[in-house]
Structures are given as structure tokens and as C-alpha cells.
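Written out below as C-alpha cells is the structure these notes cover.
The values are calculated or read from the model by the stated rules, or taken from the named source; none is laboratory data. What you see is a predicted model, and the numbers here were worked out from it, not measured in a lab. Please note: Cβ atoms are built from the backbone with ideal geometry, for glycine as well, and neighbour counts cover all protein chains shown. SASA here: full protein model, heavy atoms, side chains in, ligands and nucleic acids out. Shrake-Rupley method; radii C 1.70, N 1.55, O 1.52, S 1.80 Å.
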Amino acid sequence: MAAKIKSGDTVVVLTGKDKGRTGKVTKVLVDTNRVIVEGVNIVQRHTRPTQMDPQGGIKNKEASIHVSNAAIADSKGKATRVGFRMEGDKKVRFAKTTGDVI
């Protein structure tokens, strides 16, 4: 089945502590149905020093959110559902609110 949200899409967070914030999808975790959005769901990780990072300490990183809690942002910046249609011989995604091709 085709993916409704792909890496590089701009999404709006629908629920949680970051509700209403927008960001770009950096990674899609297909097996767990989760996405990592740039600047959203920041968590702190306590890391021990390694050869790659000799300092260690408390680091901020982006945690994943469930794909159902994110919606594609249309051209107006509002959350929209995604549909599929054929244009010629190519299958394309489109925003249900505006009808624009994503």
C-alpha cells in the first residue's frame, strides 16, 4: 500500500504536548507506524561518554510520534487528509481539502 506520509513532507501535529506545531518529516519508521518530525517531541537523553562523543552528558533529540497523530499540511498550512488518484498513468497523492497534488 502506498504511504500517505513520506519523508520530506510538512506535517501538523494533531495531539500531544506539541499539538498545532508543524515540521518536516525526517524519517518514517514503517514497521512501527511512527514518524520523526523536525523540532517536535524533543526529549532529553543522558548519554555516557564514548569515543565519538567524549563529553557525554544530557542531549536533546527528537523522539518519534505515531503516524495517526500527524497530518499533512496543505498549501494553507492546515491539516488535511490524503487521497490518491491517477493522473495519466501515474498515481499521485492529493490534499482532500484543496485538491492540490502533494
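Within the range 1-19, the set of residues being closer than 21 Å to Phe94 by Cα and either of a type outside the set (A, V, I, L, M, F, W, C) or in contact with a Cys (Cβ under 9 Å, 6 or more places away or on another chain) (or both) comprises Lys4, Lys6, Ser7, Gly8, Asp9, Thr10. Set side by side, the residues Val40, Val12, Val35, Val25 differ, and just one is open to solvent by less than 30 Å² (accessible area, probe 1.4 Å) and closer than 18 Å to Gly83 by Cα, which is Val12. The selection criterion, being surrounded by fewer than 16 Cβ atoms within 10 Å (Cβ to Cβ), touching a residue at least 24 places away in the same chain (Cβ under 8 Å) and among the hydrophobic types (A, V, I, L, M, F, W, C), holds for Ala3.
The set of residues in the range 11-48 being out of contact with any Asp or Glu (no Cβ under 8 Å at 6 or more places or on another chain), within 26 Å of Lys76 (Cα to Cα) and among the aliphatic types (A, V, I, L, M) consists of Val11, Val12, Val13, Leu14, Val28, Val35. Within the range 33-42, the residues that satisfy the criterion of being closer than 13 Å to Asn69 by Cβ and not hydrophobic (A, V, I, L, M, F, W, C) are Asn33, Arg34, Asn41.
Of the strands (runs of 3 or more DSSP E) lying entirely inside the range 52-102, those containing at least 2 residues that are open to solvent by less than 50 Å² (accessible area, probe 1.4 Å) and out of contact with any Ser or Thr (no Cβ under 6 Å at 6 or more places or on another chain) span 70-73, 82-87, 90-95.
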